[in-house]
Amino acid sequence: MSSHKHHEHLNKIKDAVSNSKELSEDEKTNTIKHIDEWMLEDKAEGIFLEELVELASGIKPILVELGLL
């Protein structure tokens, strides 16, 4: 799943959590905090991989082989 699609799904989940009548405010806050962390980590991973590819052109086939690209 692309990072963009992944973020779209996480944003939909965040909206559903925010609008939930079943969750307490603490549960909503904690859940949204975790989702935001996942989104940040996902973004950081993408930036890291992009920078690796820029640093060494030969790294791309290795990242592909590892399933990271």
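Within the range 25-48, can one find any residue that is of a type in the set (K, R), at pLDDT below 75 and surrounded by 11 or more Cβ atoms within 10 Å (Cβ to Cβ)?
Taking every residue of the range 25-48 in turn, at least one turns out to be of a type in the set (K, R), at pLDDT below 75 and surrounded by 11 or more Cβ atoms within 10 Å (Cβ to Cβ).
So which residues in the range 51-69 are part of a helix (DSSP H, G or I), aliphatic (A, V, I, L, M) and at pLDDT 75 or above, if there are any at all?
Residue satisfying the conditions is V64 alone.
The values are calculated or read from the model by the stated rules, or taken from the named source; none is laboratory data. If you're wondering where the values come from, they're calculated on a predicted model, not measured in any experiment. Heads up, the Cβs are rebuilt from the backbone with ideal geometry, glycines too, and the neighbour counts pull from every protein chain shown.
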